[in-house]
Amino acid sequence: MTMQRSTLKLSLALAGLATLAGCGDNDPVAPDNGAPEPGSAVINQDITSDRTLYADTVYKLSGFIKVANGATLTIQPGTKIVGDYDVPGSSLFILRGAKIHAVGTAEKPIVFTSERPVGQRRPGDWGGVIIVGNARLNRGSPVILEGTGTGADNPAVDYSGGTNDDDDSGELKYVRIEFAGYATAPDAELNSLTLAAVGSGTRLSYIQTLAGLDDSFEWFGGTVDGKYLVSYESGDDHFDASEGYRGRNQYLIAFQSTILEPRPAGGNVSSDPQGFEVDGCHGANCLDGQNSQPYTTPVFANFTIVGTGPGVVDASSGGVGMMLRRGAGGYYVNGVVARWPLAAISLRDATTKDRLDAGDLLLRNILLADNGAIFQPQTPGSSTLQYTVELAANELDVVDDVAAADLFASLPANPVTAALDWTPASGSPLASGGLTSFPAELAARAGNFITPTSYRGAADPNGPKWWEGWTSYERN
C-alpha cells in the first residue's frame, strides 16, 4: 500500500499535478527518501470523525478548523501543517470531547508553521493551536475563548462549566508551533498554544513555540501537566496561566532578545513581554473576584527565563521575569530568572499576598542575575501594592557579578539554533543550589511528576541537551 501511494503521487507530480487535494489520506506514511513533498492537502472543513495526517503530505489549515466532540485527529511524526496566509487567523481547535494525538520524534518533529517562504515569515501569519478540555476553572459561564466570537466564520467557543480534572484531550510530543498568533479582532490575538480547561489526562512534552504574536503557552484553568517546554521570542508572555490553573510543569526555557515585526494588519506585539504572567481571576464572571476558587496554583520547576536586558522593551510597567498577581499562587522552584529590565519578580496585589500567607505561593531556590531589580518596587502614589519575600529564607540567590550570558554554555548576542546551549557553563552557579528535598506542601503537589534536582534551570549540567535537534531559532 505504501509503495502504491508513493508511486501514484510521483507519477502525478511528473505529470504536473504535484498538488493533490487530500489524496490518499487513509494510506500509511511513505518512506522518507529525501524526495520533494509528493503532495499537499487543504483542510477547510471541520473534522467530525477520526482522521490521520500523514508525513508525506503538507496540510494547509484554511479557516477556523475544529476537531469535533468524539473525533480524534492523529498526526504522524514529521508532518508539516501550515496556516493559510490568505485566510487570516486560520487555526486548529481541538474541542471539548475531541482528541489530538500529535506524537513526533526528535528526528521528525511535527511542525505547525507559516506557509510563507523562509525569510518572509512573521508573527501572526496564522492563528495557532487551541485545545479545549473539560477540567474546572474559576470563572462562571459564559467564558468565551479569546480570539473567538468575531464573526460567522469564527463563532464563540465557551470553555466554562467543566467538571472533570482528569479529562484527556490526547497528546502533543515533539511539536513546534511557529509564527502564530493572528489577531482576529483588535487586542484579541490567538496564542501559539492555548490550553483552556485541559485536564491532567492530556500529555504535553517537548513542545516549542517560536515567534508567536501573543502568548506562547497560555493555560486558562485546568490541570494539564507538561515537561520540556520551549518558548523563543514571544510577542507577549512566554508562560501565561490564570483562571484556576493547577497543572505541573518541569524543564522550561523562555528566551526573549528582541521584538519581532508582525505580519501587516496581523495585530500588535506587546511592549512588555514577561517570562511568567500568572493571575488568579480578573474580569467578568470570576466566581469570587481575585479570590475565586479553585485558586491558580501551578507548579513550575527547573525553568530558565531569560529576557532582553535594557533598551529593548518598555521597562516602566513591564519587562518582568515573573509577574505574579491578582490572587495568583503557585510553586516556583529550582529556576533562573535573568536579564529582565524592570524586575526579576513582581508580587502584586493584596490577594496575591493572601496566597503567600496561606502557603499557596512558594518561591524557592531561584537564581536571579542581571535584572533591573529583584522585586518590582512600589510606585509612589499607586494603589497597586507590591510585596517581597525574604531572600535567604527562600534561597533566592542574587548574583550581581555574573552576566546572564555567562551562566550558560552558549548564549551569543546573535544566536542561531545550534549556538544556543542552556547547559550551565563551567563554574556556573546554576550547576548547584537546587532544592533536593521538597517541603511537604510542594511534595504533595509534585507527586511523582516533578523531580527535585541539585541544579537550577532547565538543563542538567551532566545530562542530555534535551532541546537539541527538534527546536528551531529561525526567526523569519
Can you tell me which of (1) in contact with a strand residue (DSSP E or B) (Cβ under 7 Å, 6 or more places away or on another chain); (2) crowded, with 24+ Cβ neighbours inside 10 Å; (3) of a type in the set (Gly, Ala, Ser) is the one residue 372 doesn't meet? (2)
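Which of the residues that make up segment 172-196 are within 15 Å of the chain's Cα centre (by Cα) and aliphatic (A, V, I, L, M)?
Correct list: 172, 175, 177, 180, 190, 193, 195, 196.
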Kindly indicate whether residue 367 is assigned to a strand (DSSP E or B) and touching a residue at least 24 places away in the same chain (Cβ under 8 Å). yes
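Please state which one of 435, 430 is under 15 Å from residue 332 (Cβ atoms), in contact with a Pro (Cβ under 9 Å, 6 or more places away or on another chain) and not small (Gly, Ala, Ser). First the steps, then the outcome.
Working: 430 fails: under 15 Å from residue 332 (Cβ atoms).
Of 435, 430, the one residue that is under 15 Å from residue 332 (Cβ atoms), in contact with a Pro (Cβ under 9 Å, 6 or more places away or on another chain) and not small (Gly, Ala, Ser) is 435.
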Test residue 354 against the criterion of being acidic (Asp, Glu), in contact (Cβ under 8 Å) with a residue 12 or more places away in the chain and either touching a Pro at 6+ places or on another chain (Cβ under 7 Å) or closer than 20 Å to residue 458 by Cα (or both), and give yes or no. no
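Inspect all residues belonging to segment 332-341 and state whether any of them is under 27 Å from the mean Cα position of the chain (by Cα), of a type in the set (Gly, Ala, Ser) and modelled with pLDDT of 95 or more. Show your work before the answer.
Going through segment 332-341, the residues under 27 Å from the mean Cα position of the chain (by Cα) turn out to be 332-341.
After this cut, where a residue has to be of a type in the set (Gly, Ala, Ser) as well, the list is 335, 338.
With modelled with pLDDT of 95 or more added as a condition, the list becomes 335, 338.
Yes, the conditions are met somewhere in segment 332-341.
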Which one is farthest from residue 453 (Cα to Cα) among residues in segment 397-412 that are free of Cβ contacts under 8 Å to residues at least 60 places away in the same chain and not in a strand (DSSP E or B)? 412
Just one of the numbered conditions (1) in a loop (DSSP other than H, G, I, E, B); (2) of a type in the set (Gly, Ala, Ser); (3) surrounded by fewer than 18 Cβ atoms within 10 Å (Cβ to Cβ) is not true of residue 434; which one? (3)
Hey, any hits in segment 130-139 for a residue that's closer than 26 Å to residue 267 by Cβ, modelled with pLDDT of 95 or more, touching a Lys or Arg at 6+ places or on another chain (Cβ under 7 Å) and outside any loop (DSSP other than H, G, I, E, B)? yes
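In segment 147-199, which residue that is among the charged types (D, E, K, R), closer than 17 Å to residue 267 by Cα and crowded, with 16+ Cβ neighbours inside 10 Å is modelled with the highest pLDDT?
Filtering segment 147-199 down to residues among the charged types (D, E, K, R) leaves 153, 158, 165-168, 171, 173, 176, 178, 187, 189.
From what's left, closer than 17 Å to residue 267 by Cα: 178, 187, 189.
Filter again for crowded, with 16+ Cβ neighbours inside 10 Å, leaving 178, 189.
Values: 178: 98, 189: 89.
Across segment 147-199, the extreme among qualifying residues is 178.
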Out of everything in segment 236-267 that is of a type in the set (Phe, Trp, Tyr) and closer than 20 Å to residue 317 by Cα, what residue ends up being surrounded by the fewest Cβ atoms within 10 Å (Cβ to Cβ)? 255
Scanning for something at pLDDT below 95, closer than 19 Å to residue 216 by Cα, surrounded by 21 or more Cβ atoms within 10 Å (Cβ to Cβ) and touching a Ser or Thr at 6+ places or on another chain (Cβ under 9 Å), does segment 274-282 turn up at least one residue? no
When only residues in segment 200-210 that are in contact (Cβ under 8 Å) with a residue 60 or more places away in the chain and more than 11 Å from the chain's Cα centre (by Cα) count, which is surrounded by the most Cβ atoms within 10 Å (Cβ to Cβ)? 202
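Residues to consider are 187, 168; find the one that is under 25 Å from residue 476 (Cβ atoms), part of a loop (DSSP other than H, G, I, E, B) and either touching a residue at least 12 places away in the same chain (Cβ under 8 Å) or in contact with a Ser or Thr (Cβ under 9 Å, 6 or more places away or on another chain) (or both). Let's see the steps before the verdict.
Numbers: 168 fails: under 25 Å from residue 476 (Cβ atoms).
None of the others qualify; the one that does is 187.
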Between a residue in segment 385-396 that is farther than 17 Å from residue 359 by Cβ and any residue that is modelled with pLDDT of 95 or more and of a type in the set (Ser, Thr, Tyr), which pairs come within a Cβ distance under 8 Å, given they are 6 or more apart or on different chains? 386/346
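Quick grid of which residues meet (1) in a loop (DSSP other than H, G, I, E, B); (2) farther than 18 Å from residue 200 by Cα; (3) of a type outside the set (Val, Ile, Thr); (4) touching a residue at least 60 places away in the same chain (Cβ under 8 Å):
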position	(1), (2), (3), (4)
86	yes, yes, yes, no
101	no, no, yes, yes
107	yes, yes, yes, yes
118	yes, yes, no, yes
122	yes, yes, yes, yes
125	yes, yes, yes, yes
If you go through segment 419-431 one residue at a time, how many are under 28 Å from residue 475 (Cα atoms) and either in a strand (DSSP E or B) or out of contact with any strand residue (DSSP E or B) (no Cβ under 9 Å at 6 or more places or on another chain) (or both)? 4
What about residue 256, is it among the polar types (S, T, N, Q), over 26 Å from residue 149 (Cβ atoms), touching a residue at least 60 places away in the same chain (Cβ under 8 Å) and out of contact with any Leu (no Cβ under 7 Å at 6 or more places or on another chain)? no
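Is it true that some residue in segment 446-455 is modelled with pLDDT under 95 and outside any loop (DSSP other than H, G, I, E, B)? Don't jump to the end; show me each part of the working.
Taking segment 446-455 and keeping what is modelled with pLDDT under 95, we get none.
No, the conditions are met nowhere in segment 446-455.
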Which numbered condition residue 456 misses (of (1) free of Cβ contacts under 8 Å to residues at least 40 places away in the same chain; (2) touching a Gly at 6+ places or on another chain (Cβ under 8 Å); (3) charged (D, E, K, R)): (1)
Which of the residues belonging to segment 108-132 are buried (at least 24 other Cβ atoms within 10 Å of the Cβ) and either more than 20 Å from the chain's Cα centre (by Cα) or closer than 18 Å to residue 65 by Cβ (or both)? 110, 112, 124, 125, 126, 127, 128, 129, 130, 131, 132
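The values are calculated or read from the model by the stated rules, or taken from the named source; none is laboratory data. Quick caveat: nothing in here was measured; it's all calculated off a predicted structure. Positions of Cβ are generated from backbone atoms using ideal geometry, with glycine treated the same way; all protein chains shown enter the neighbour counts.
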